[in-house]
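Accompanying notes for the structure given below.
All of the numbers you see were taken from the coordinates with simple rules; none came from a lab. Nothing here was measured: the structure is a model prediction, and the numbers come from that model. Positions of Cβ are generated from backbone atoms using ideal geometry, with glycine treated the same way; all protein chains shown enter the neighbour counts.
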Amino acid sequence: MKYVKLGKTDIDISVLSLGCWSFAGGSYWGEQDERESIKIIDAALDLGINFLDSAQGYENGVSERVVGKALKGKRDKAVLATKVSHGDHYRAATMIEACEFSLKNFQTDYIDLYYIHWPNMKVPFEDTMEGLEKLKEQGKIRAAGISNFGQKQMWMLEDTGKFDLLEAHQLPYSLFFRAIEYGVKQKCIEKNLGIVCYSTLAQGLLSGKFESIADVPEHLKVLRFYDNDDAVRAHGGKGCEREAFEAVRGLKALCAEAGLSMPQACLAWLFKQKGVSSLLTGPRTVGELMENYACVGTEISDEFAAKMTEISEPVRIKLGANTDMWFKGERARSF
């Protein structure tokens, strides 16, 4: 396993990180066996994956509690990241309470990286940054970060005068979702924020398993990749199904010719992108974890990466600069 420094800190994080959202089960991911989740965490640690990512909002702490059980007696092996939920918890006066909820869930007395999960325009960013600063001063968190912030919202954070408190920015980034390339990525590089990528396989589209909309699980059809033509798909507009599935076919052919699986090639493409620190993977089984881990050592040439970029370009253009994968227009949470 390879490791990089988290932002400006001396914290070493693995370049492949374990996303723990699905361990919460719930309506989005469906039922998940807690015992299997703990096996996945154990296997990840054995592979050298030390960076674990959860959130208070993943079924009101269920994911955090599963991780806490798995890390009992092994806390020192993990770099633990979680996110404070939106709403009043973004206020300095209530953020400490939210953090303590997560600490109790994890059965630990500190969190390595504490993110703001989504921008909340109803709470002044000055108030939110003050809360993060207090938590760091109290030793409850080692580092602070943001998640899902658009370029203008990052400018607003900079206006607080406390932007240097931040060490990481977690965002959706994949060959098919490149909205951060319209300015957010450049700002992260300028400010030395480590980019932690989620939905690195576009929630299954880049796995090669979906050949048409009929193959896509219903709960994923809310994503902006798919056309908004029924009540289930709530993003509020036209998607890019034609472009996406045409690109999937092109990538499959390209990867087959090179003797690579699509996940191998697509994660290798991400590893080549400037500013990227770690890629989140969200396996539901130990077998899926091993498949994703096998991608870490895969390398592709600049020429091959350029061909992949070219194939995916129509999807990038269609989705544009909106960094919210779920909503567009006035409903978009980041801008």
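A helix-only calculation puts the chain at -11500 deg cm²/dmol for mean residue ellipticity at 222 nm, using -39500 (n - 2.57) for each DSSP H run of at least four residues, averaged over all residues. For the range 67-183, what does the alpha-carbon gyration tensor say about shape, rounded, prolate or oblate, given a ≥ b ≥ c as the root eigenvalues, a/c under 1.5 as rounded, and a/b over b/c as prolate? It is oblate, given that a/c is not under 1.5 and a/b is not larger than b/c. In whole angstrom, the chain maps to an equivalent ellipsoid with semi-axes of 30, 23, 20, each derived as √(5λ) from the alpha carbon gyration tensor and ordered largest first.
A Gaussian network model of the chain, with springs between Cα atoms under 10 Å, assigns the largest mean-square fluctuation among SER102, SER261, SER54 to SER261. Within the chain, helices built from complete DSSP H runs that reach 15 Å or longer along their own axis (Cα positions) and carry a mean Kyte-Doolittle hydropathy of -0.5 or higher are 34-47, 92-106, 241-258, 302-319.
List the trypsin sites (Lys or Arg not before Pro) in the range 251-325 that DSSP assigns to loop (not H, G, I, E or B) and whose Cβ has at most 13 other Cβ atoms within 10 Å. Which are they? Hits after loop and neighbour filter: LYS274.
Applying 1/(1 + (r/R0)^6) with r as the Cβ-Cβ distance of GLU97 and ASP46 and R0 = 35 angstrom yields a FRET efficiency of 0.50.
Past the 18 Å Cα-Cα mark, which pairs from LYS2/LYS274; LYS274/LYS318; LYS83/LYS136; LYS152/LYS328; LYS5/LYS191? In this structure, LYS274/LYS318 lie more than 18 Å apart at Cα. Could you work out how far the C-alpha centroid of the range 131-191 sits from that of the range 7-51, in angstrom? A separation of 22 Å, based on Cα centres.
Here the label points at ASP33 and TYR3, each 7 Å from Cα along the C-beta direction, are separated by 3.2 nm in the simple model.
Across the range 272-335 the C-alpha pair distances fall into 5 Å bins from zero in the proportions 3, 12, 13, 17, 20, 19, 12, 3, 0 percent.
Annotation for the range 141-248: GluC sites (Glu not before Pro) lying in DSSP loop with at most 12 further Cβ atoms inside 10 Å of their Cβ are GLU211. Centre-to-centre separation between the Cα atoms of the range 246-266 and those of the range 61-83: 35 Å.
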